[in-house]
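Working notes, structure below.
The values are calculated or read from the model by the stated rules, or taken from the named source; none is laboratory data. Quick caveat, the model's predicted, so the values are computed rather than measured. All Cβ positions, even for glycine, are placed from backbone atoms using ideal geometry, and neighbour counts span all protein chains on display.
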Amino acid sequence: MNNNLIDKSAVEEVIGLEKANKRNRRANRNVKTISLSEKIARTEETLDKIQNRIDRRKKIMGDIENKYQNQGVELPENIQTQYDNTKVKRQELEEIYEGKLRELEGLKQMVKMS
């Protein structure tokens, strides 16, 4: 009777592996190969989006500076927090932008080499 339990679990394991292999084969067929030119286009699109986000944050910071700092008025605490958070986020986005720019340059080099 104990041998039947082992055989049953072994059979169930094999069936499970076969199902997993079938799912993997199906998933692999659905994966599209992305061409180098498509990767370049997607990276350029991402760079544009990041640049727009950076520009929006620069505008927010400029608006705050014009409203308060350039008039010699001290920023209220909540506005100072907003300004500081916006500045940090802009810096983070600029770092991401630089990384994506290096990625784009690498992709373009790959095109030249091929």
Residue in the range 32-52 that is modelled with pLDDT of 95 or more and farther than 30 Å from L107 by Cα present: no
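If I ask for residues that are among the basic types (K, R), surrounded by 11 or more Cβ atoms within 10 Å (Cβ to Cβ) and closer than 23 Å to E45 by Cα, which ones from the range 64-114 would you list?
Within the range 64-114, the first condition is being among the basic types (K, R), and the residues that meet it are 67, 87, 89-90, 100, 102, 108, 112.
Then drop every residue that is not surrounded by 11 or more Cβ atoms within 10 Å (Cβ to Cβ), which leaves 67, 87, 89-90, 100, 108.
Answer for the range 64-114, where residues must be among the basic types (K, R), surrounded by 11 or more Cβ atoms within 10 Å (Cβ to Cβ) and closer than 23 Å to E45 by Cα: K89, R90, K100, K108.
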Subset of the range 66-108 (residues that are touching a residue at least 12 places away in the same chain (Cβ under 8 Å) and over 19 Å from the mean Cα position of the chain (by Cα)): I79, Q82, Y83, T86, K87, K108
